[in-house]
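First up is the structure itself, then whatever we jot down about it.
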Amino acid sequence: MMNTHQDSEQQLAASGPQAEAGEVFVDFEPVGRRGPCARGSTLLDCARLLGAGIAAVCGGHGTCGRCKVVPATDTVSGPTTIETTLLSHSELSAGVRLACQCRVLRDCLVTVPPESLSTPQRAQIEGLEVAAGSDPPVTSVEVTVSAPSMHDVQGDADRVLHAAGKGTATIDVAAARALPPLLRASDWALRLAIRDDEVIRVSNLSMPTLGLAVDLGTTKIAAYLVNMLSGEVLAAEGRMNPQIRYGEDVVSRMTHALTNEGGARDLCTSVVDALNEMTERLVASVGYTTDALVEAVIVGNTAMHHLLLTLPVDSLSRSPYVPAISAPMDIKARELGLRLSQGAYVHVFPNIAGFVGGDHVAALLAIDASPSGSPTLVIDIGTNTEVCLLANGRRTSVSCASGPAFEGGHIRDGMRAAAGAIEHVEISGDEVHVQTIEDSDPVGLCGSGILDTLAEMHRNGIVDRMGRLDTSHSRVKNSDRGKEYVLVSGEGRNGKPSIGMTQGDVRQLQLAKSAIETGIQLLLVHEQLAPTDLSAVVVAGAFGTYIDLQSAMAIGMLPELPLERYKQVGNAAGAGAKLALSSLARRREAVEIAARTGYLELAAEPTFMKRFVDNTYIAPFEMTEGD
């Protein structure tokens with residue numbers, strides 16, 4: 001039996017003529033991604049190369065055990081020590097392997113189970129409705145010009161600009177290249193898209209003026225196709241952020257960028273490719289091409305912002321977590337590799353500080369987060385959770401490193417919100433009732449189901465406030481993974497492994513909820529408020545939309561308040577991006593929000609560590625004595 005990557009390489013070297021240097025053909029099913037890969041590559045590397053989208057919570061370092069696949073027999077190297085540790089005997093006997101550990105020796109068919117896929121079945125794009133701005137950054141002008149003659153040899157661009165009353169304007173070079181043949185083919189009538197006294201697109205009269213608003217989340221990407229002149233959302237699409245293959249949290253991705261040659265480019269390219277695919281589908285759905293897109297707005301946290309723009313992340317990755325730039329940026333789409341119209345720009349939102357970035361600014365913009373009203377808490381829960389307290393005439397924000405646990409990461413049976421994911425759980429004695437997405441057979445737990453399970457286990461005394469499982473309960477079993485509360489037994493899954501929550505899962509959730517609870521506490525302390533002083537709590541983001549608020553309050557993640565004080569608003573960041581897409585005034589407002597929002601660095605607070613430890617207890621939200 002092979003024990004390490006080095007052992008795998010020794011097997012590769014000893015496997016005869018078929019293991020000589022060269023390429024092998026790898027086929028990932030049911031995702032339908034296939035093609036040649038270098039012999040000796042790990043299956044995770046092959047999946048990344050071919051776009052198979054296998055989940056790799058730890059970034060492929062062999063610590064999470066999530067990248068489970070089933071390769072055809074005798075086509076890969078033998079199990080490593082890591083695999084024999086992380087996989088059960090029954091899994092190994094069934095041919096289950098970790099894609100980051102096994103190396104391909106010859107042509108290989110690989111089955112990827114649903115719980116190992118990082119591709120989307122469901123992504124959050126719903127959110128607040130927004131009104132159109134009266135001051136769009138791009139205007140549309142129709143012009144008709146006379147054809148040149150021997151007595152009128154004025155250049156095409158000069159002729160068009162003069163006819164549009166924009167004689168001092170400039171024209172983008174790509175638009176200038178497209179202009180001569182278009183003028184002649186369109187009988188000397190066309191439409192100009194003008195931005196800041198620059199013609200950024202020339203087109204026929206039938207081409208609309210559309211824009212793209214993007215919420216670039218750590219976990220999900222949401223994109224909206226918008227009529228720039230009316231503000232109407234014509235189409236929307238959500239998908240998983242493909243950077244997940246390099247790690248589910250921003251630290252893993254920044255580490256990849258810093259420690260791998262070409263790593264930063266890998267991360268940028270994966271997002272740009274995804275955005276181009278989404279954009280092409282969106283415009284095609286309304287009968288146009290990407291030439292219709294004259295502007296894009298992208299919002300994301302500071303790490304997503306830097307990785308998209310391939311800005312250096314070294315200073316952002318270590319204390320005091322300083323971004324390369326905080327101001328908004330306007331960049332030609334083609335510089336990023338985005339396929340929009342000829343000279344289209346991308347407007348990137350400003351950052352606040354640390355990991356509190358443009359997505360948080362956009363959310364505050366969308367909910368009209370004025371600090372002059374009664375105390376309000378705004379929470380965008382995700383892998384990186386941002387919290388803002390509006391009180392005493394101030395906005396103050398924190399970034400909570402909640403991690404991916406509430407979104408399924410680092411949880412043994414955790415998965416994304418796909419068909420078959422358990423999204424709601426109810427426990428009564430020995431009885432368990434689960435609801436799955438699309439009412440499919442259960443295959444794992446998504447975020448809302450994970451939160452429900454922990455809350456229900458605590459309510460039923462199955463887990464105590466310290467997070468310890470009650471071994472006397474009939475559903476708490478000792479498995480090869482340690483103690484586990486069984487939600488769905490193996491018998492109920494036709495012999496497949498059971499679905500449950502392990503003692504290790506509970507510990508991960510305690511850390512995640514403590515990060516959020518501690519962030520909220522310190523903001524309240526900073527403004528000398530009690531939880532009951534909050535008049536409203538706005539919960540944003542994909543996970544925040546689907547959670548049961550009572551479950552969140554039961555474990556202490558959110559303050560215990562009357563439900564009517566809570567408002568779940570969906571993708572507020574995406575709504576803010578849509579607002580700014582069609583309004584220059586909203587962009588100026590976003591700059592003002594970023595400049596006038598204070599930032600609290602949690603790690604610098606003297607009581608942070610004690611609070612964090614205390615808040616790992618599973619108990620209702622409470623302030624520390626003396627607050």
Please name whichever of A391, V361, T73 sits farthest to the positive end of the charge dipole of the chain, dipole taken about the Cα centre and charges placed at Cβ: Lys and Arg +1, Asp and Glu -1.
T73
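Using alpha-carbon pairs under 8 Å, 6+ residues apart, how would you state the relative contact order of the chain in percent?
Values: 1438 pairs, mean separation 83.9, N = 627.
Value for the chain: 13 percent.
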Alpha carbon centroid spacing (whole Å) that separates region 31-96 from region 423-438
31 Å
Reachable lysines from K513, Cα under 19 Å, same-chain residues fewer than 8 places away excluded?
K610
Using alpha-carbon positions, what is the distance between the centroids of region 192-227 and region 542-610, in Å?
27 Å
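Have a look at the DSSP beta bridges in region 397-507 and tell me what percent are antiparallel, nearest 5. Write out the running numbers ahead of the final one.
Numbers: 15 of 18 bridges.
Of the beta bridges lying entirely in region 397-507, close to 85 percent run antiparallel.
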Around R103, which amide H atoms from residues at least 5 apart in sequence, or from another chain, sit under 5 Å from its own amide H, with H modelled in the peptide plane?
S77
Looking at the chain only, what percent of DSSP beta bridges run antiparallel? Nearest 5 please.
70 percent
Between N241 and residues 5 or more places away or on another chain, which pairs have amide H atoms under 5 Å apart, with H built 1.01 Å from N, and which residues are they?
K220, I221
How about K332: which aspartates and glutamates have a C-alpha closer than 16 Å to its C-alpha, ignoring those fewer than 8 places off in the same chain?
D172, D196, D197, E198, D291, E295
For region 195-240, the dipole about the Cα centre with charges only on Cβ (Lys and Arg +1, Asp and Glu -1), to the nearest 20 debye, works out at 220 debye
By count of other Cβ within 10 Å, fewest leading, how are M415, M207 ordered?
M207, M415
With charges set only on the Cβ (+1 for Lys and Arg, -1 for Asp and Glu), what does the dipole of region 138-203 come to about its Cα centre, in debye to the nearest 20?
140 debye
Separation between Cα centres of region 228-296 and region 481-504, rounded to whole Å
36 Å
Could you calculate the FRET efficiency of D158 with R588 from 1/(1 + (r/R0)^6), where r is the beta carbon distance between them and R0 is 22 Å, rounded to 0.05?
0.10
List the aspartates and glutamates whose Cα lies under 17 Å from the Cα of K477, skipping any in the same chain that are fewer than 8 positions away.
D413, D430, E431, D464, E491, D505
Which one, F406, A333, F608, projects farthest toward the positive side of the charge dipole computed for the chain from Cβ point charges (K/R +1, D/E -1)?
A333
Counting only C-alpha contacts under 8 Å and six or more residues apart, can you give the relative contact order of region 405-508 as a whole percent?
24 percent
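Taking region 228-320, which GluC sites (Glu not before Pro) meet the DSSP loop condition and have no more than 15 other C-beta atoms within 10 Å?
Details: sites: E232, E237, E248, E261, E277, E280, E295; in loops: E232, E248, E261.
Here the GluC sites (Glu not before Pro) that fit, given the DSSP loop and packing criteria, are E232, E261.
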Trypsin sites (Lys or Arg not before Pro) within region 415-524, DSSP loop, no more than 15 other Cβ atoms inside 10 Å:
R465, R468
Counting pairwise Cα distances across region 210-348, what percent come out greater than 20 angstrom?
44 percent
Amide H within-cut-off set for Q568, under 5 Å, with H built and near neighbours excluded
V539
Restricting to Cα pairs under 8 Å and 6 or more apart, the percent relative contact order of region 508-570 works out to 43 percent
About the Cα centre, charge dipole magnitude for the chain (Lys/Arg +1, Asp/Glu -1 at Cβ), debye
740 debye
Per the chain: cysteines with no other Cys C-beta under 4.7 angstrom?
C67, C100, C102, C108, C268, C388, C400, C446
Karplus-derived 3J(HN,Hα) from phi for region 211-225 (6.51 cos²θ - 1.76 cosθ + 1.60, θ = phi - 60°), whole Hz, x at Gly and Pro, runs x, 10, 10, 10, 9, 8, x, 4, 9, 10, 10, 10, 10, 10, 8
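Restricting to DSSP H runs of at least four residues, report the calculated mean residue ellipticity at 222 nm for the chain, -39500 (n - 2.57) per run over all residues, nearest 500 deg cm²/dmol. Show your work: numbers first, answer last.
Working: 18 runs with 180 residues, N = 627.
It lands at -8500 deg cm²/dmol.
Any read-out appearing in this document is the output of simple, stated calculations on the displayed coordinates, not a laboratory observation. If you're wondering where the values come from, they're calculated on a predicted model, not measured in any experiment. Glycine gets a Cβ as well: all are built from the backbone with ideal geometry, and neighbour counts include every protein chain shown.
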